[in-house]
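Following: one structure in structure tokens, then a few remarks.
The values are calculated or read from the model by the stated rules, or taken from the named source; none is laboratory data. Because the structure is a prediction, the values reported are computed rather than measured. Here the Cβ positions follow ideal geometry from the backbone for every residue, glycine too, while neighbour counts run over all protein chains shown.
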Amino acid sequence: MKIILFLILFYTSIHAADYYLPTAIGSSAYSKGIGAQGFEKTSVGVLDNPGSLSHIDQYSFSFFSSTIMNDFLYQTLSYAKRISAKNVLGMAYVDLGVSAIPKTSLGSHSGFNENIVLQDSTYSYSNSLYKVSWQHNTSKTVSIGTSLTYYKTRLASLSGTGVNMDLGLHYKSLSGLTEISVQSSNIIPALNVTYSNGTTETLPFYSTVGIKRRLDHLTLFIQLKSTSLSTSSYLHSLGGEYKIPFVPLSFFGTWYQLEALESIKDSTVLGIRLNMWCFKANYSYEKSEYPKNDNTYYFSLSVDI
């Protein structure tokens, strides 16, 4: 049933001429859990906001994984390297996929007077993207960045590819208490995803504006997201993180809005972070609306040197 549901959603997307971005699931368990993009001080900035890569010291590597509806595996890999005092280069890979989807046909059986469904073979679905990012510090408080994105989708014998660009800006006050993240994705409207059957899908433009404010052990996050698909002007999110004194643990959570076909829905995420030496491990939980899987779990790990 869930495979059938997925196929309905996929073909609905094609006919609506709007491409589904796999990064809508999230870039890390932490950024998912705080409800804001551009404040993860790791290579995840390649996916969230290339301007936030200014936090990279030397190297950063991040991994994120989750299973959606028990079958769809979502994974991200990102890497960033400081190449000079004011510049950072990064790259990332994202994939949402499922294998062994049954390919069926109607057949007959000698013992039955009606047609039966036969499985002829199986096929797979993959929705991937590749990003290359560059970040530059314009001052002690402001940095900018840009990303080139290559999109690749395959469903059985149908395949599609496309390219576009992102822009990002990150501000951090001299005190370090306030940060602002501004980013826009798919900024070139003329570039679409083209499929092997000649059809095209629009790469949806969206932008986010987020604010981070640190209050001793408590940090607050607010974000507004504007998209070309939304029936509302903005999608809102409000999150927070509390760092336990003298312990490398913190708890975080968020309430946020998301698009579900033609409607706007609310969701909440709760999580925990272990920040020890050069490792950051994040684990978060979100209640799922899929009736056979009440919970969705996210795990991400980053190594920063």
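Numerical summary
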| item | result |
| --- | --- |
| Those residues of segment 82-99 which are surrounded by fewer than 16 Cβ atoms within 10 Å (Cβ to Cβ) and among the basic types (K, R), in sequence order | K86 |
| Condition check for S175: among the polar types (S, T, N, Q) and without any contact (Cβ under 8 Å) to a residue 24 or more places away in the chain | yes |
| Flag for I34 being farther than 28 Å from E286 by Cα, of a type outside the set (D, E, K, R) and modelled with pLDDT of 95 or more | no |
| The lone exception for K81 - which of (1) out of contact with any Phe, Trp or Tyr (no Cβ under 6 Å at 6 or more places or on another chain); (2) free of Cβ contacts under 8 Å to residues at least 60 places away in the same chain it fails | (1) |
| Enumerated strands (runs of 3 or more DSSP E) restricted to segment 139-232, each holding at least 2 residues that are touching a strand residue (DSSP E or B) at 6+ places or on another chain (Cβ under 9 Å) and either basic (K, R) or under 22 Å from S78 (Cα atoms) (or both) | 142-155, 158-172, 178-185, 206-215 |
| Filter result (among the hydrophobic types (A, V, I, L, M, F, W, C), assigned to a strand (DSSP E or B) and under 23 Å from K41 (Cβ atoms)) within segment 256-282 | V269, L270, I272, L274, M276, F279, A281 |
| Which listed residue, of L261, L229, L235, is of a type in the set (A, V, I, L, M, F, W, C), modelled with pLDDT under 95 and surrounded by 16 or more Cβ atoms within 10 Å (Cβ to Cβ) | L235 |
| Some residue of segment 39-46 being surrounded by 22 or more Cβ atoms within 10 Å (Cβ to Cβ) and in contact with a Leu (Cβ under 6 Å, 6 or more places away or on another chain) | yes |
